[in-house]
1. Could you count how many residues in region 4-22 are in a helix (DSSP H, G or I), among the hydrophobic types (A, V, I, L, M, F, W, C) and either open to solvent by 70 Å² or more (accessible area, probe 1.4 Å) or at positive phi (or both)?
2. Consider region 23-36. How many of its residues are under 17 Å from Val161 (Cβ atoms) and either surrounded by fewer than 19 Cβ atoms within 10 Å (Cβ to Cβ) or in contact with a Lys or Arg (Cβ under 7 Å, 6 or more places away or on another chain) (or both)?
3. Among (1) open to solvent by 40 Å² or more (accessible area, probe 1.4 Å); (2) farther than 24 Å from Gln124 by Cα; (3) touching a Phe, Trp or Tyr at 6+ places or on another chain (Cβ under 8 Å), there is one condition Val106 misses while meeting the rest; what is its number?
4. Sort through Leu99, Leu82 and tell me the only one that's more than 30 Å from Thr135 (Cβ to Cβ) and either under 14 Å from the mean Cα position of the chain (by Cα) or at pLDDT 85 or above (or both).
5. Which one of the conditions (1) open to solvent by 10 Å² or more (accessible area, probe 1.4 Å); (2) over 27 Å from Val161 (Cβ atoms); (3) under 17 Å from the mean Cα position of the chain (by Cα) does Ala44 fail to meet, given that it meets all the rest?
6. Could you tell me how many of the residues in region 113-153 are of a type in the set (D, E, K, R) and open to solvent by 40 Å² or more (accessible area, probe 1.4 Å)?
Amino acid sequence: TVAIVLTTGAVLVGASWSPIGSVWAVNAMGRLASAFLMGSTLSAMLLGHYYLTAPAMSIDPLKRFVQCMGWGLGLRAITAGLSLWAWQAGWAATNPPSLSTFFLVVRWGMGFGATLMATVLAWQTVRLRSTQSATGILYIAMTFVLFGELTGLILSQRTGVIF
């Protein structure tokens, strides 16, 4: 497992290459944070689904994964904020194209705002041991994460930094 994590991390950092070192660092952090967020959200969703067939199982693992979702979302928001700052500072591209505010609003609104709301709701339902409700909310959270990350990819293509 450790070898898979390290290899995947190395591939993500390598795929973030940029001739500008600071852009490379921001892109690498963005990709790693994105992987952490998507992985923890998917794991929480699948684990929540498993609780539907094994309701007597301890709730602690699901709590930990939902907490990891919160940490991943925070890291991802910080790296997206750094990317926005790097793009506006002119690091990312020599002639940065104009961005549609629509994509930025969708990225931050659905990718972060809605995901945060779903994460908080999932946390509250997990604390109540309502795993069936938590599973449904985690499915929605996964949809918001994927939608946000796909919108981030559109922004990244246009700017050269990982949003």
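1. Within region 4-22, the first condition is being in a helix (DSSP H, G or I), and the residues that meet it are 4-15, 21-22.
With the extra rule that they be among the hydrophobic types (A, V, I, L, M, F, W, C), the set shrinks to 4-6, 10-13, 15.
With the extra rule that they be either open to solvent by 70 Å² or more (accessible area, probe 1.4 Å) or at positive phi (or both), the set shrinks to 4-6, 11.
Summing the residues that are in a helix (DSSP H, G or I), among the hydrophobic types (A, V, I, L, M, F, W, C) and either open to solvent by 70 Å² or more (accessible area, probe 1.4 Å) or at positive phi (or both) in region 4-22 gives 4.
2. Initial filter on region 23-36 (under 17 Å from Val161 (Cβ atoms)): 23-35.
Narrowing the set further to residues that are either surrounded by fewer than 19 Cβ atoms within 10 Å (Cβ to Cβ) or in contact with a Lys or Arg (Cβ under 7 Å, 6 or more places away or on another chain) (or both) leaves 24-25, 33-35.
Residues flagged as under 17 Å from Val161 (Cβ atoms) and either surrounded by fewer than 19 Cβ atoms within 10 Å (Cβ to Cβ) or in contact with a Lys or Arg (Cβ under 7 Å, 6 or more places away or on another chain) (or both) within region 23-36 amount to 5.
3. Result: Val106 passes all but (1).
4. Numbers: Leu99 fails: either under 14 Å from the mean Cα position of the chain (by Cα) or at pLDDT 85 or above (or both).
Of Leu99, Leu82, the one residue that is more than 30 Å from Thr135 (Cβ to Cβ) and either under 14 Å from the mean Cα position of the chain (by Cα) or at pLDDT 85 or above (or both) is Leu82.
5. Tallying (1) open to solvent by 10 Å² or more (accessible area, probe 1.4 Å); (2) over 27 Å from Val161 (Cβ atoms); (3) under 17 Å from the mean Cα position of the chain (by Cα), Ala44 fails exactly one: (1).
6. Of all residues in region 113-153, those of a type in the set (D, E, K, R) come to 127, 129, 149.
Still in the running and open to solvent by 40 Å² or more (accessible area, probe 1.4 Å): 127, 129.
Counting residues in region 113-153 that are of a type in the set (D, E, K, R) and open to solvent by 40 Å² or more (accessible area, probe 1.4 Å) gives 2.
The values are calculated or read from the model by the stated rules, or taken from the named source; none is laboratory data. Quick caveat: nothing in here was measured; it's all calculated off a predicted structure. For neighbour counting, all protein chains shown are included, and Cβ atoms are generated from backbone atoms with ideal geometry for every residue, glycine included. With ligands, DNA and RNA removed, areas are computed over all heavy atoms of the protein, side chains included. Shrake-Rupley method; radii C 1.70, N 1.55, O 1.52, S 1.80 Å.
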